[in-house]
There are 2 protein chains.
Amino acid sequence: MHRYVHGYSERETERLYDQSLILEEMLHSDTAYPAGSMVLEAGCGVGAQTVILARRSPQAEITAVDISLDSLRKASALIEREGIANVSFQQSDILNLPFGEESFDHVFICFVLEHFVWPLEVLIELKRVLREGGTVTVIEGDHGSCFWYPETAESLRVWQCLIEAQAHLGHNSLIGRQLYPLLRQSRFNIRYVLPRWIYVDAGNPGPMSDGVNKIMIPMLESAREQALKLGLIDEAAWRKGISDLRRFAESPGGTFFYTWFKAVALK
Amino acid sequence: MHRYVHGYSERETERLYDQSLILEEMLHSDTAYPAGSMVLEAGCGVGAQTVILARRSPQAEITAVDISLDSLRKASALIEREGIANVSFQQSDILNLPFGEESFDHVFICFVLEHFVWPLEVLIELKRVLREGGTVTVIEGDHGSCFWYPETAESLRVWQCLIEAQAHLGHNSLIGRQLYPLLRQSRFNIRYVLPRWIYVDAGNPGPMSDGVNKIMIPMLESAREQALKLGLIDEAAWRKGISDLRRFAESPGGTFFYTWFKAVALK
(Lines give C-alpha, C1' and ligand atoms only; values in the text may rest on other atoms or scores of the structure.)
Protein backbone atom coordinates (compact mmCIF):
# COMPACT_ATOMS: atom_id res chain seq x y z
CA MET A 1 0.00 0.00 0.00
CA HIS A 2 1.33 3.41 -0.96
CA ARG A 3 1.92 5.47 2.19
CA TYR A 4 -0.50 8.34 2.21
CA VAL A 5 -1.06 10.83 5.01
CA HIS A 6 -4.86 10.87 4.74
CA GLY A 7 -5.35 7.08 4.73
CA TYR A 8 -8.16 5.23 2.98
CA SER A 9 -11.13 5.31 5.39
CA GLU A 10 -14.80 5.72 4.48
CA ARG A 11 -14.83 9.05 6.30
CA GLU A 12 -11.92 10.19 4.15
CA THR A 13 -13.69 9.10 0.96
CA GLU A 14 -16.66 11.22 2.01
CA ARG A 15 -14.34 14.17 2.74
CA LEU A 16 -12.81 13.90 -0.73
CA TYR A 17 -16.25 13.88 -2.40
CA ASP A 18 -17.50 16.85 -0.32
CA GLN A 19 -14.32 18.78 -1.00
CA SER A 20 -14.39 18.27 -4.75
CA LEU A 21 -17.99 19.51 -5.01
CA ILE A 22 -17.35 22.54 -2.80
CA LEU A 23 -14.27 23.46 -4.84
CA GLU A 24 -15.50 22.45 -8.30
CA GLU A 25 -16.28 25.91 -9.65
CA MET A 26 -13.06 27.47 -8.40
CA LEU A 27 -10.64 24.74 -9.43
CA HIS A 28 -12.17 23.02 -12.44
CA SER A 29 -14.54 25.38 -14.24
CA ASP A 30 -11.90 26.30 -16.83
CA THR A 31 -10.80 22.74 -17.60
CA ALA A 32 -12.54 21.11 -20.58
CA TYR A 33 -11.12 18.77 -23.20
CA PRO A 34 -12.27 18.54 -26.84
CA ALA A 35 -14.40 15.73 -28.24
CA GLY A 36 -12.38 12.65 -29.03
CA SER A 37 -9.29 13.69 -27.10
CA MET A 38 -7.49 11.08 -25.02
CA VAL A 39 -7.07 12.32 -21.45
CA LEU A 40 -5.11 10.69 -18.64
CA GLU A 41 -6.08 11.40 -15.05
CA ALA A 42 -3.04 10.40 -13.02
CA GLY A 43 -3.83 9.41 -9.44
CA CYS A 44 -7.63 9.49 -9.55
CA GLY A 45 -8.05 8.11 -6.03
CA VAL A 46 -11.71 7.55 -5.16
CA GLY A 47 -12.79 9.46 -8.30
CA ALA A 48 -13.68 12.76 -6.62
CA GLN A 49 -12.19 14.77 -9.49
CA THR A 50 -12.81 12.11 -12.15
CA VAL A 51 -16.56 12.61 -12.03
CA ILE A 52 -16.13 16.37 -12.45
CA LEU A 53 -13.64 15.99 -15.32
CA ALA A 54 -15.88 13.48 -17.10
CA ARG A 55 -18.97 15.69 -16.82
CA ARG A 56 -17.13 18.77 -18.02
CA SER A 57 -15.58 16.95 -21.00
CA PRO A 58 -18.34 14.51 -21.92
CA GLN A 59 -16.89 13.77 -25.38
CA ALA A 60 -13.32 13.16 -24.24
CA GLU A 61 -12.02 9.65 -23.51
CA ILE A 62 -10.70 9.64 -19.97
CA THR A 63 -8.32 7.02 -18.62
CA ALA A 64 -8.05 7.23 -14.85
CA VAL A 65 -5.26 5.43 -13.05
CA ASP A 66 -4.39 4.93 -9.41
CA ILE A 67 -2.16 2.61 -7.43
CA SER A 68 -4.88 1.67 -4.93
CA LEU A 69 -7.26 -1.01 -6.15
CA ASP A 70 -9.63 -0.19 -3.32
CA SER A 71 -9.79 3.47 -4.37
CA LEU A 72 -10.31 2.44 -8.00
CA ARG A 73 -13.28 0.30 -6.96
CA LYS A 74 -14.85 3.28 -5.22
CA ALA A 75 -14.11 5.53 -8.18
CA SER A 76 -15.59 3.02 -10.59
CA ALA A 77 -18.74 2.60 -8.46
CA LEU A 78 -19.16 6.39 -8.32
CA ILE A 79 -18.80 6.79 -12.08
CA GLU A 80 -21.35 4.03 -12.65
CA ARG A 81 -23.76 5.53 -10.11
CA GLU A 82 -23.52 8.84 -11.93
CA GLY A 83 -24.24 7.22 -15.30
CA ILE A 84 -20.96 8.41 -16.79
CA ALA A 85 -19.67 6.42 -19.77
CA ASN A 86 -16.45 8.11 -20.92
CA VAL A 87 -14.07 6.90 -18.20
CA SER A 88 -12.03 3.72 -18.04
CA PHE A 89 -9.96 2.74 -15.03
CA GLN A 90 -6.63 1.02 -14.74
CA GLN A 91 -4.49 0.16 -11.75
CA SER A 92 -0.98 1.48 -12.15
CA ASP A 93 1.93 3.21 -10.51
CA ILE A 94 2.13 6.71 -11.94
CA LEU A 95 5.91 6.52 -11.75
CA ASN A 96 5.78 3.65 -14.24
CA LEU A 97 2.73 4.01 -16.44
CA PRO A 98 1.68 1.08 -18.67
CA PHE A 99 1.34 3.34 -21.72
CA GLY A 100 3.61 4.07 -24.65
CA GLU A 101 5.18 7.44 -25.43
CA GLU A 102 2.73 10.12 -26.52
CA SER A 103 -0.36 8.03 -25.74
CA PHE A 104 -2.42 10.97 -24.50
CA ASP A 105 -3.49 14.37 -25.77
CA HIS A 106 -3.81 15.77 -22.27
CA VAL A 107 -2.89 14.86 -18.73
CA PHE A 108 -4.66 15.95 -15.56
CA ILE A 109 -3.27 15.52 -12.04
CA CYS A 110 -4.88 16.97 -8.92
CA PHE A 111 -3.85 16.72 -5.24
CA VAL A 112 -1.33 13.98 -6.07
CA LEU A 113 2.19 15.44 -6.33
CA GLU A 114 2.07 16.51 -2.68
CA HIS A 115 2.07 12.81 -1.74
CA PHE A 116 5.31 11.92 -3.58
CA VAL A 117 8.88 12.08 -2.38
CA TRP A 118 10.05 12.90 -5.90
CA PRO A 119 7.26 14.82 -7.61
CA LEU A 120 9.63 15.73 -10.43
CA GLU A 121 9.82 12.06 -11.45
CA VAL A 122 6.04 11.95 -11.66
CA LEU A 123 5.97 14.95 -13.99
CA ILE A 124 8.69 13.46 -16.16
CA GLU A 125 6.75 10.19 -16.48
CA LEU A 126 3.55 12.11 -17.31
CA LYS A 127 5.45 14.00 -19.98
CA ARG A 128 6.61 10.75 -21.54
CA VAL A 129 3.05 9.56 -22.20
CA LEU A 130 1.87 13.02 -23.38
CA ARG A 131 1.98 13.95 -27.06
CA GLU A 132 3.97 16.97 -28.28
CA GLY A 133 1.80 20.07 -27.87
CA GLY A 134 -0.52 18.36 -25.40
CA THR A 135 -1.24 19.95 -22.03
CA VAL A 136 -0.68 18.93 -18.46
CA THR A 137 -2.98 20.47 -15.84
CA VAL A 138 -1.66 20.33 -12.29
CA ILE A 139 -3.60 21.36 -9.19
CA GLU A 140 -2.08 21.30 -5.72
CA GLY A 141 -2.77 22.97 -2.40
CA ASP A 142 -0.27 24.73 -0.18
CA HIS A 143 -0.91 24.17 3.50
CA GLY A 144 1.52 26.96 4.38
CA SER A 145 -0.87 29.45 2.76
CA CYS A 146 -3.61 28.77 5.31
CA PHE A 147 -4.56 31.20 8.05
CA TRP A 148 -7.63 31.96 10.08
CA TYR A 149 -8.96 34.24 12.76
CA PRO A 150 -9.32 33.88 15.67
CA GLU A 151 -6.43 31.49 15.97
CA THR A 152 -5.32 29.72 19.12
CA ALA A 153 -2.01 28.04 19.87
CA GLU A 154 -3.70 24.62 19.69
CA SER A 155 -5.55 25.24 16.42
CA LEU A 156 -2.28 26.37 14.84
CA ARG A 157 -0.50 23.35 16.27
CA VAL A 158 -3.07 20.89 14.91
CA TRP A 159 -2.67 22.36 11.43
CA GLN A 160 1.10 22.26 11.77
CA CYS A 161 0.81 18.56 12.70
CA LEU A 162 -0.76 17.79 9.33
CA ILE A 163 2.15 19.49 7.55
CA GLU A 164 4.70 17.68 9.72
CA ALA A 165 3.04 14.24 9.52
CA GLN A 166 3.09 14.56 5.73
CA ALA A 167 6.70 15.77 5.81
CA HIS A 168 7.59 12.76 7.95
CA LEU A 169 6.55 10.54 5.03
CA GLY A 170 8.88 12.60 2.85
CA HIS A 171 5.91 14.32 1.22
CA ASN A 172 5.29 18.01 0.77
CA SER A 173 2.04 19.78 1.60
CA LEU A 174 3.66 23.12 0.70
CA ILE A 175 4.02 22.03 -2.92
CA GLY A 176 1.66 24.64 -4.43
CA ARG A 177 4.39 27.29 -4.37
CA GLN A 178 6.71 24.83 -6.17
CA LEU A 179 4.58 24.08 -9.22
CA TYR A 180 6.40 26.67 -11.28
CA PRO A 181 9.93 25.35 -10.58
CA LEU A 182 8.80 21.71 -10.88
CA LEU A 183 7.21 22.26 -14.29
CA ARG A 184 10.21 24.25 -15.37
CA GLN A 185 12.63 21.55 -14.26
CA SER A 186 10.66 18.94 -16.18
CA ARG A 187 10.98 21.16 -19.26
CA PHE A 188 7.31 21.86 -19.79
CA ASN A 189 6.37 25.07 -21.57
CA ILE A 190 4.42 26.79 -18.79
CA ARG A 191 1.27 28.62 -19.83
CA TYR A 192 0.36 29.76 -16.35
CA VAL A 193 0.63 29.00 -12.66
CA LEU A 194 -1.96 30.89 -10.62
CA PRO A 195 -3.35 30.83 -7.10
CA ARG A 196 -6.95 29.71 -6.71
CA TRP A 197 -7.88 31.00 -3.31
CA ILE A 198 -10.75 30.81 -0.92
CA TYR A 199 -11.47 33.52 1.64
CA VAL A 200 -14.52 33.17 3.82
CA ASP A 201 -15.89 35.13 6.74
CA ALA A 202 -19.05 35.20 8.76
CA GLY A 203 -20.60 37.31 5.97
CA ASN A 204 -20.85 33.93 4.21
CA PRO A 205 -21.61 31.56 7.07
CA GLY A 206 -22.46 28.60 4.80
CA PRO A 207 -19.11 28.39 2.97
CA MET A 208 -17.31 29.16 6.22
CA SER A 209 -18.89 26.24 8.02
CA ASP A 210 -18.54 23.91 5.00
CA GLY A 211 -14.89 24.77 4.49
CA VAL A 212 -13.97 24.12 8.09
CA ASN A 213 -16.33 21.29 9.02
CA LYS A 214 -16.42 19.33 5.76
CA ILE A 215 -12.87 19.85 4.46
CA MET A 216 -10.42 21.18 7.02
CA ILE A 217 -11.36 19.19 10.10
CA PRO A 218 -11.91 15.82 8.34
CA MET A 219 -8.55 16.29 6.57
CA LEU A 220 -6.89 16.97 9.92
CA GLU A 221 -8.63 13.98 11.52
CA SER A 222 -7.24 11.72 8.79
CA ALA A 223 -3.73 12.56 10.07
CA ARG A 224 -4.63 12.43 13.78
CA GLU A 225 -3.29 8.97 14.57
CA GLN A 226 0.01 9.59 12.85
CA ALA A 227 0.46 12.93 14.58
CA LEU A 228 -0.15 11.30 17.97
CA LYS A 229 2.07 8.32 17.15
CA LEU A 230 4.89 10.61 16.03
CA GLY A 231 4.54 12.56 19.28
CA LEU A 232 3.86 15.80 17.42
CA ILE A 233 1.03 16.64 19.81
CA ASP A 234 -0.82 15.10 22.76
CA GLU A 235 -4.48 14.04 22.84
CA ALA A 236 -5.67 16.95 24.96
CA ALA A 237 -4.05 19.59 22.74
CA TRP A 238 -5.41 17.86 19.63
CA ARG A 239 -8.96 17.87 21.02
CA LYS A 240 -8.67 21.51 22.04
CA GLY A 241 -7.27 22.49 18.62
CA ILE A 242 -10.12 20.78 16.75
CA SER A 243 -12.70 22.24 19.08
CA ASP A 244 -11.19 25.74 18.61
CA LEU A 245 -11.48 25.30 14.84
CA ARG A 246 -15.12 24.26 15.12
CA ARG A 247 -15.80 27.29 17.27
CA PHE A 248 -14.07 29.76 14.97
CA ALA A 249 -16.12 28.40 12.03
CA GLU A 250 -19.28 29.45 13.86
CA SER A 251 -17.87 32.71 15.20
CA PRO A 252 -19.50 35.94 13.93
CA GLY A 253 -15.98 37.39 13.60
CA GLY A 254 -14.23 34.37 12.10
CA THR A 255 -12.24 34.47 8.85
CA PHE A 256 -10.37 31.84 6.86
CA PHE A 257 -7.96 31.90 3.90
CA TYR A 258 -6.36 29.12 1.84
CA THR A 259 -4.89 28.96 -1.61
CA TRP A 260 -4.41 26.16 -4.09
CA PHE A 261 -2.34 26.59 -7.23
CA LYS A 262 -3.42 25.58 -10.71
CA ALA A 263 -0.93 25.24 -13.55
CA VAL A 264 -1.32 24.50 -17.24
CA ALA A 265 1.76 23.67 -19.30
CA LEU A 266 2.49 22.31 -22.77
CA LYS A 267 4.86 19.56 -23.81
CA MET B 1 6.51 61.03 17.52
CA HIS B 2 4.14 58.16 16.96
CA ARG B 3 5.98 54.86 17.25
CA TYR B 4 6.03 53.22 13.89
CA VAL B 5 7.86 50.04 12.89
CA HIS B 6 9.07 51.34 9.51
CA GLY B 7 10.46 54.67 10.75
CA TYR B 8 10.58 57.90 8.74
CA SER B 9 13.78 57.69 6.66
CA GLU B 10 14.25 58.88 3.08
CA ARG B 11 14.78 55.28 1.99
CA GLU B 12 11.45 54.38 3.55
CA THR B 13 9.69 57.27 1.78
CA GLU B 14 11.05 55.95 -1.50
CA ARG B 15 9.86 52.43 -0.63
CA LEU B 16 6.36 53.73 0.06
CA TYR B 17 6.23 55.57 -3.29
CA ASP B 18 7.56 52.55 -5.22
CA GLN B 19 5.14 50.23 -3.45
CA SER B 20 2.08 52.35 -4.12
CA LEU B 21 2.82 52.56 -7.85
CA ILE B 22 3.53 48.84 -8.15
CA LEU B 23 0.31 48.00 -6.32
CA GLU B 24 -1.91 50.77 -7.70
CA GLU B 25 -3.89 48.72 -10.19
CA MET B 26 -4.52 45.85 -7.80
CA LEU B 27 -5.46 47.84 -4.73
CA HIS B 28 -6.93 51.10 -5.96
CA SER B 29 -8.37 50.67 -9.46
CA ASP B 30 -11.91 50.22 -8.13
CA THR B 31 -11.85 53.20 -5.77
CA ALA B 32 -13.26 56.44 -7.23
CA TYR B 33 -15.32 59.13 -5.52
CA PRO B 34 -17.97 61.30 -7.21
CA ALA B 35 -17.50 64.95 -8.12
CA GLY B 36 -17.94 67.26 -5.16
CA SER B 37 -17.78 64.55 -2.52
CA MET B 38 -15.83 65.24 0.64
CA VAL B 39 -13.27 62.50 1.23
CA LEU B 40 -11.06 61.99 4.26
CA GLU B 41 -7.80 60.11 3.90
CA ALA B 42 -6.87 59.09 7.42
CA GLY B 43 -3.15 58.54 7.96
CA CYS B 44 -1.85 59.73 4.60
CA GLY B 45 1.82 59.46 5.61
CA VAL B 46 4.13 60.69 2.85
CA GLY B 47 1.22 60.82 0.39
CA ALA B 48 1.96 57.58 -1.47
CA GLN B 49 -1.74 56.71 -1.68
CA THR B 50 -2.96 60.33 -1.63
CA VAL B 51 -1.58 61.02 -5.09
CA ILE B 52 -3.32 57.92 -6.46
CA LEU B 53 -6.63 58.75 -4.77
CA ALA B 54 -6.54 62.34 -6.00
CA ARG B 55 -5.81 61.34 -9.59
CA ARG B 56 -8.55 58.71 -9.61
CA SER B 57 -11.14 61.07 -8.12
CA PRO B 58 -10.12 64.41 -9.63
CA GLN B 59 -13.45 66.12 -8.82
CA ALA B 60 -13.59 64.99 -5.18
CA GLU B 61 -12.34 67.20 -2.35
CA ILE B 62 -9.77 65.22 -0.42
CA THR B 63 -8.66 66.07 3.10
CA ALA B 64 -5.55 64.12 4.06
CA VAL B 65 -4.47 63.95 7.69
CA ASP B 66 -1.48 62.48 9.46
CA ILE B 67 0.13 62.86 12.85
CA SER B 68 3.64 63.38 11.44
CA LEU B 69 4.34 66.92 10.28
CA ASP B 70 7.43 65.71 8.47
CA SER B 71 5.40 63.16 6.50
CA LEU B 72 2.78 65.80 5.70
CA ARG B 73 5.48 68.08 4.29
CA LYS B 74 6.65 65.27 2.00
CA ALA B 75 3.08 64.48 0.99
CA SER B 76 2.34 68.11 0.27
CA ALA B 77 5.51 68.51 -1.81
CA LEU B 78 4.60 65.40 -3.81
CA ILE B 79 1.07 66.63 -4.51
CA GLU B 80 2.44 69.99 -5.63
CA ARG B 81 5.07 68.34 -7.83
CA GLU B 82 2.33 66.30 -9.47
CA GLY B 83 0.21 69.39 -10.10
CA ILE B 84 -2.72 68.05 -8.11
CA ALA B 85 -5.15 70.64 -6.75
CA ASN B 86 -7.90 68.74 -4.94
CA VAL B 87 -6.07 67.77 -1.75
CA SER B 88 -5.68 69.74 1.46
CA PHE B 89 -3.54 68.56 4.35
CA GLN B 90 -4.01 68.83 8.07
CA GLN B 91 -1.95 67.55 10.96
CA SER B 92 -4.04 65.52 13.35
CA ASP B 93 -4.28 62.43 15.47
CA ILE B 94 -6.72 60.07 13.79
CA LEU B 95 -7.93 58.96 17.20
CA ASN B 96 -9.12 62.52 17.80
CA LEU B 97 -9.99 64.17 14.52
CA PRO B 98 -10.58 67.93 14.42
CA PHE B 99 -13.83 67.51 12.45
CA GLY B 100 -17.47 67.49 13.48
CA GLU B 101 -19.82 64.54 13.18
CA GLU B 102 -20.69 63.53 9.63
CA SER B 103 -18.19 65.93 8.03
CA PHE B 104 -17.25 63.54 5.21
CA ASP B 105 -19.05 61.59 2.50
CA HIS B 106 -16.33 58.95 2.36
CA VAL B 107 -13.31 57.84 4.35
CA PHE B 108 -10.23 56.06 3.02
CA ILE B 109 -7.57 54.42 5.18
CA CYS B 110 -4.73 52.32 3.83
CA PHE B 111 -1.83 50.57 5.64
CA VAL B 112 -2.63 52.44 8.86
CA LEU B 113 -4.66 50.22 11.21
CA GLU B 114 -1.78 47.75 11.43
CA HIS B 115 0.21 50.42 13.27
CA PHE B 116 -2.33 50.97 16.07
CA VAL B 117 -2.69 49.19 19.38
CA TRP B 118 -6.47 49.69 19.27
CA PRO B 119 -7.51 49.72 15.61
CA LEU B 120 -11.14 49.48 16.67
CA GLU B 121 -10.94 52.95 18.23
CA VAL B 122 -9.64 54.32 14.95
CA LEU B 123 -12.60 52.87 13.05
CA ILE B 124 -15.05 54.25 15.61
CA GLU B 125 -13.53 57.73 15.28
CA LEU B 126 -13.65 57.51 11.48
CA LYS B 127 -17.29 56.50 11.71
CA ARG B 128 -18.04 59.56 13.80
CA VAL B 129 -16.88 61.97 11.08
CA LEU B 130 -18.57 59.96 8.28
CA ARG B 131 -22.11 60.78 7.18
CA GLU B 132 -24.88 58.18 7.30
CA GLY B 133 -24.72 56.08 4.14
CA GLY B 134 -21.12 57.10 3.42
CA THR B 135 -18.43 54.51 2.81
CA VAL B 136 -15.24 53.61 4.52
CA THR B 137 -12.58 51.86 2.43
CA VAL B 138 -9.94 49.99 4.40
CA ILE B 139 -6.84 48.35 2.93
CA GLU B 140 -4.39 46.38 5.04
CA GLY B 141 -1.78 43.71 4.43
CA ASP B 142 -1.36 40.47 6.31
CA HIS B 143 2.26 39.51 6.81
CA GLY B 144 1.23 36.01 7.87
CA SER B 145 -0.06 35.41 4.35
CA CYS B 146 3.40 35.70 2.82
CA PHE B 147 5.37 32.76 1.52
CA TRP B 148 8.05 32.20 -1.05
CA TYR B 149 10.17 29.52 -2.62
CA PRO B 150 12.96 28.63 -2.15
CA GLU B 151 12.87 29.58 1.49
CA THR B 152 15.76 29.33 3.91
CA ALA B 153 15.69 29.36 7.70
CA GLU B 154 17.26 32.83 7.70
CA SER B 155 14.92 34.35 5.11
CA LEU B 156 11.94 33.07 7.10
CA ARG B 157 13.48 34.40 10.30
CA VAL B 158 14.06 37.88 8.87
CA TRP B 159 10.43 38.07 7.80
CA GLN B 160 9.29 36.81 11.20
CA CYS B 161 11.40 39.58 12.79
CA LEU B 162 9.32 42.22 11.02
CA ILE B 163 6.12 40.67 12.40
CA GLU B 164 7.62 40.43 15.90
CA ALA B 165 9.16 43.92 15.95
CA GLN B 166 5.76 45.32 15.02
CA ALA B 167 4.05 43.13 17.64
CA HIS B 168 6.55 44.41 20.20
CA LEU B 169 5.11 47.91 19.65
CA GLY B 170 1.68 46.41 20.29
CA HIS B 171 0.85 46.64 16.58
CA ASN B 172 -0.50 43.94 14.32
CA SER B 173 0.90 43.10 10.91
CA LEU B 174 -1.57 40.20 10.64
CA ILE B 175 -4.50 42.60 10.64
CA GLY B 176 -5.76 41.84 7.12
CA ARG B 177 -7.56 38.72 8.33
CA GLN B 178 -9.23 40.85 11.04
CA LEU B 179 -10.84 43.51 8.85
CA TYR B 180 -14.15 41.68 8.84
CA PRO B 181 -14.46 41.37 12.64
CA LEU B 182 -13.12 44.91 13.21
CA LEU B 183 -15.66 46.47 10.84
CA ARG B 184 -18.38 44.34 12.33
CA GLN B 185 -17.47 45.35 15.87
CA SER B 186 -17.54 49.02 14.89
CA ARG B 187 -21.05 48.42 13.49
CA PHE B 188 -20.35 49.22 9.90
CA ASN B 189 -22.56 47.63 7.29
CA ILE B 190 -19.94 45.57 5.43
CA ARG B 191 -20.24 45.47 1.65
CA TYR B 192 -17.24 43.26 1.11
CA VAL B 193 -13.91 42.16 2.49
CA LEU B 194 -11.75 40.47 -0.14
CA PRO B 195 -8.15 39.40 -0.57
CA ARG B 196 -6.09 41.30 -3.12
CA TRP B 197 -3.20 39.01 -3.75
CA ILE B 198 0.04 39.01 -5.65
CA TYR B 199 1.68 35.85 -6.92
CA VAL B 200 4.85 36.14 -8.93
CA ASP B 201 7.28 33.64 -10.35
CA ALA B 202 10.21 33.68 -12.71
CA GLY B 203 7.71 33.62 -15.59
CA ASN B 204 7.33 37.32 -14.69
CA PRO B 205 10.86 38.26 -13.68
CA GLY B 206 10.15 42.03 -13.60
CA PRO B 207 7.35 41.96 -11.00
CA MET B 208 9.25 39.29 -9.07
CA SER B 209 12.35 41.43 -8.76
CA ASP B 210 10.32 44.62 -8.10
CA GLY B 211 8.23 42.98 -5.41
CA VAL B 212 11.22 41.63 -3.54
CA ASN B 213 13.82 44.33 -4.13
CA LYS B 214 11.63 47.45 -4.05
CA ILE B 215 9.00 46.47 -1.47
CA MET B 216 9.88 43.44 0.63
CA ILE B 217 13.55 44.06 1.36
CA PRO B 218 13.28 47.84 1.98
CA MET B 219 10.33 47.15 4.30
CA LEU B 220 12.41 44.59 6.18
CA GLU B 221 15.41 46.93 6.33
CA SER B 222 13.21 49.59 7.94
CA ALA B 223 12.74 47.22 10.90
CA ARG B 224 16.33 45.95 11.01
CA GLU B 225 17.63 48.08 13.87
CA GLN B 226 14.69 47.29 16.08
CA ALA B 227 14.96 43.59 15.38
CA LEU B 228 18.64 43.64 16.30
CA LYS B 229 18.05 45.79 19.37
CA LEU B 230 15.28 43.49 20.56
CA GLY B 231 17.62 40.52 20.10
CA LEU B 232 15.22 38.85 17.66
CA ILE B 233 18.12 37.97 15.35
CA ASP B 234 21.85 38.54 15.06
CA GLU B 235 23.65 40.54 12.37
CA ALA B 236 25.01 37.54 10.50
CA ALA B 237 21.64 35.81 10.27
CA TRP B 238 20.00 39.08 9.19
CA ARG B 239 22.53 39.56 6.38
CA LYS B 240 22.17 35.95 5.25
CA GLY B 241 18.35 36.23 5.29
CA ILE B 242 18.34 39.38 3.18
CA SER B 243 20.89 37.94 0.77
CA ASP B 244 18.80 34.74 0.45
CA LEU B 245 15.76 36.87 -0.43
CA ARG B 246 17.72 38.77 -3.07
CA ARG B 247 18.88 35.49 -4.54
CA PHE B 248 15.45 33.89 -4.63
CA ALA B 249 14.10 36.99 -6.43
CA GLU B 250 16.54 36.30 -9.26
CA SER B 251 16.15 32.52 -9.18
CA PRO B 252 14.64 30.90 -12.29
CA GLY B 253 12.57 28.72 -9.95
CA GLY B 254 11.57 31.36 -7.40
CA THR B 255 7.95 32.08 -6.44
CA PHE B 256 6.33 34.58 -4.08
CA PHE B 257 2.83 35.08 -2.65
CA TYR B 258 1.31 37.81 -0.48
CA THR B 259 -2.19 39.02 0.11
CA TRP B 260 -3.65 42.32 1.22
CA PHE B 261 -7.29 42.70 2.15
CA LYS B 262 -9.58 45.44 0.90
CA ALA B 263 -12.88 46.20 2.60
CA VAL B 264 -15.70 48.59 1.78
CA ALA B 265 -18.39 49.24 4.37
CA LEU B 266 -21.24 51.69 4.86
CA LYS B 267 -22.18 53.72 7.91
Give the shape of the range B:1-142 as rounded, prolate or oblate, defined through the alpha-carbon gyration tensor: a ≥ b ≥ c are the square roots of its eigenvalues, a/c under 1.5 means rounded, and otherwise the shape is prolate if a/b is larger than b/c and oblate if not. rounded
Long-range alpha-carbon pairs in the range A:124-267, meaning those over 24 Å apart, account in percent for 42
Among the residues of the range B:192-219, which ones have their accessible area go down by 40 Å² or more when all the protein chains sit together, as opposed to their chain alone (1.4 Å probe)? B:195, B:197, B:199
Just how far, in whole angstrom, is the range B:90-141 from the range B:182-252 if you go by their alpha carbon centroids? 26
Report Rg (one decimal) and Dmax (nearest whole number) for the range B:55-105, counting Cα atoms only, units Å. 11.8, 33
Rolling a 1.4 angstrom probe over the protein heavy atoms, how many square angstrom per residue are accessible across the protein assembly as shown? 40
Qualifying aspartates and glutamates (Cα of each under 14 Å from Cα of residue B:262; at least 8 residues distant if same chain): A:201, B:24, B:25, B:30, B:114, B:140, B:142
With Rg from the Cα atoms and Rh as the Kirkwood inverse mean 1/r over Cα pairs, the range B:66-180 has an Rg/Rh of 1.05
Average projection area in nm² (convex hull over Cα atoms of the protein assembly as shown, one quarter of hull surface): 25.6
Counting protein heavy atoms only and a 1.4 angstrom probe, how many square angstrom of accessible surface do chains A and B bury in total, to the nearest 100? 2300
Per 5 Å bin, what percent of the C-alpha pairs of chain A does each bin hold, from zero upward? 1, 6, 13, 17, 19, 17, 12, 8, 5, 2, 0, 0
Heavy-atom accessible area of the protein assembly as shown with neighbours in place, 1.4 angstrom probe: carbon+sulfur share in percent works out to 52
Enumerate the whole-percent occupancy of each 10 Å bin, from 0 to the last occupied one, for all C-alpha pair distances of the range A:214-267. 18, 39, 26, 12, 5
Long pairs among A:214/A:240; B:74/B:240; A:74/A:267; B:74/B:214; B:74/B:127, criterion Cα-Cα beyond 25 Å: B:74/B:240; A:74/A:267; B:74/B:127
Ignoring solvent entirely, what values of log10 I(q)/I(0) come out of the Debye formula for the range B:23-86 at 0.12, 0.16, 0.19 Å⁻¹ when each Cα is a single scatterer? -0.26, -0.48, -0.67
Once you have a ≥ b ≥ c as the square roots of the Cα gyration tensor eigenvalues for the range A:90-154, tell me rounded if a/c is under 1.5, and otherwise prolate or oblate according to whether a/b is larger than b/c. prolate
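The values are calculated or read from the model by the stated rules, or taken from the named source; none is laboratory data. Computed from a predicted structure; not experimentally measured. The protein model used for the area step is the full one, side chains on, heavy atoms only, and it has no ligands, DNA or RNA in it. Shrake-Rupley method; radii C 1.70, N 1.55, O 1.52, S 1.80 Å.
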